[in-house]
Amino acid sequence: MDTYEAILSKRDIRHYTDQEIEDEVLDRILQAGRMAGSAKNEEVLRLIVVRDQTVQDALAEAGDFVSWIGSSAVIIGFAAPSSSMRLFDVGRQAQNMMVAANAEGVATCPVTLQHADKARSATGLPDDWEMPMALTLGWPLPGRPDSPLKRKRVPLAELVVHDRWS
Ligand SMILES: Cc1cc2nc3c(=O)[nH]c(=O)nc-3n(C[C@H](O)[C@H](O)[C@H](O)COP(=O)(O)O)c2cc1C
C-alpha cells in the first residue's frame, strides 16, 4: 500500500479479532507517532500503551462513547501535564500512527476520554497530568457491521474555500 492509499483508505474501525499485535508491528506504529513534530518542538506528550485487560476496562469508564474499547488489542493514550496539553500535537501523532497502522493492516479508532479523573486513576497518571484522547487498535474483524456514523465525506468543493470566505 502506498502512502496516499494508506491515507485515503483509512476508516475508523471498532470491531477487532482476538489476535495480538506483535511488538515489531506496534513499534513501527509508535515510531510513526514519535516522528510527528510538536509545538515549539517541546515533545510534551507521552504515549500510554495499554494491553492489560484490567486497565482497558478501567479506561472504558473514562469516556462516554467507548463501548468497544475493552476489546482492543492495544489502547494508546496521549498523556501530558495539564498545563502543556496541546491537542494539535495529539492529532499529529494520532493521525501518523493511524495511517501507519492502516498500512500494516491494523484497524484503529480515536476515542475521547471525557472524564479526566477516571483516565488518570485507570493509568496511574500524576494528579497534574491528563489523557483526554486515546486510540484503539486491533486486527479488523472480517464481516464487521458498518459504523452507525458512516457517511461520505463533505465534497472537496464544499470543504475548500479559496482566498476569502464568500
Ligand atoms: C477527535 C475525535 C474524537 C473521537 N472520539 C470518538 C469517541 O469518543 N467514540 C467513538 O466511537 N468515535 C470517536 N471518534 C471517531 C469518529 O466518530 C470518526 O472519526 C468518524 O465517525 C469518521 O469515521 P470513518 O473514518 O470511519 O468515516 C473520534 C474522532 C475524532 C477525530
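Since every read-out is calculated from the coordinates, none of them should be taken as a lab result. Computed from a predicted structure; not experimentally measured. Please note: Cβ atoms are built from the backbone with ideal geometry, for glycine as well, and neighbour counts cover all protein chains shown.
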query: Which residue, Lys40, Lys118, Lys152, tops the fluctuation ranking in a GNM of the chain built on C-alpha contacts under 10 Å?
result: Lys152
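Using a 10 Å cut-off around each Cβ, can you sort Leu156, Leu87 from fewest to most neighbouring Cβ atoms?
Details: Leu156 7, Leu87 12.
Arranged by neighbour count, lowest to highest, Leu156, Leu87 become Leu156, Leu87.
In deg cm²/dmol and to the nearest 500, what is the mean residue ellipticity at 222 nm of the chain if only DSSP H runs of at least 4 residues count, each as -39500 (n - 2.57), divided by the residue total? Don't jump to the answer; show the numbers that get you there.
Values: 6 runs with 55 residues, N = 166.
My calculation for the chain gives -9500 deg cm²/dmol from helical runs alone.
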message: I need the phi-derived Karplus couplings for the stretch 88-105: 6.51 cos²θ - 1.76 cosθ + 1.60, θ = phi - 60°, integer Hz, Gly and Pro marked x.
response: 5, 4, 4, x, 5, 5, 5, 5, 3, 5, 5, 5, 4, 4, 4, 5, 8, x
query: Tell me, what ³J(HN,Hα) does each residue in the stretch 143-148 have, in order and in whole Hz, if you take phi through Karplus 6.51 cos²θ - 1.76 cosθ + 1.60 with θ = phi - 60° and put x for Gly and Pro?
result: x, 5, x, 5, 5, x
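As a footprinting exposure proxy, order Met97, Met133, Met1 by other Cβ within 10 Å, with the fewest listed first. Walk me through the numbers before you get to the answer.
On the way: Met97 26, Met133 21, Met1 12.
By the 10 Å Cβ count, ascending: Met1, Met133, Met97.
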query: If you put +1 on each Lys and Arg Cβ and -1 on each Asp and Glu Cβ, how big is the dipole of the stretch 96-166 around its Cα centre, in Debye rounded to 20?
result: 420
query: Over the stretch 3-159, what relative contact order in percent results from Cα pairs under 8 Å that are six or more residues apart?
result: 34
task: Determine which lysines satisfy two conditions relative to Lys150: a Cα distance under 25 Å, and not lying fewer than 8 residues away in the same chain.
output: Lys10
- prompt: Rounded if a/c is under 1.5, else prolate if a/b is larger than b/c, else oblate: which is the stretch 49-166, with a ≥ b ≥ c the root eigenvalues of its Cα gyration tensor?
  reply: oblate
